[in-house]
């Protein structure tokens, strides 16, 4: 199963670059109204993510603005966009490979340290 099959909503990475701030603010404040009005972007997202509606988090104007500012700052710090996502996925795969390799090395080291001790005990008993 692919990661995209498990998603119930769009990736927020790069969202402040993809969507106009006014649209994003309204979407965060009143998603059910935008769905009822059949906003084209909302309808596309709704269909793409298995008709799972965006929950209304009941954010006030200040909270909405703060959330958008936060996402915008995070994107600015990271360079924003899909390239960061690809870089993160690549780094995660590399890390996973390194951890798997380390795990294998540790298992071999444990095995090497156990075998001589067992052999020595066996020889002492004879």
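The values are calculated or read from the model by the stated rules, or taken from the named source; none is laboratory data. Worth saying up front: this structure is predicted, and the values here are computed from it rather than measured. Cβ sites come from the backbone with ideal geometry, for glycine too, and all protein chains shown count toward neighbours.
Residues in the range 1-20 that are at pLDDT 80 or above and in a helix (DSSP H, G or I): 15, 16, 17, 18. Please verify whether the range 25-39 includes one or more residues that are without any contact (Cβ under 8 Å) to a residue 60 or more places away in the chain and closer than 21 Å to residue 76 by Cα. The answer is yes, given that some residue of the range 25-39 is without any contact (Cβ under 8 Å) to a residue 60 or more places away in the chain and closer than 21 Å to residue 76 by Cα.
Where helices (runs of 4 or more DSSP H) sit wholly within the range 21-126, those with at least 2 residues that are modelled with pLDDT under 70 occupy 82-125.
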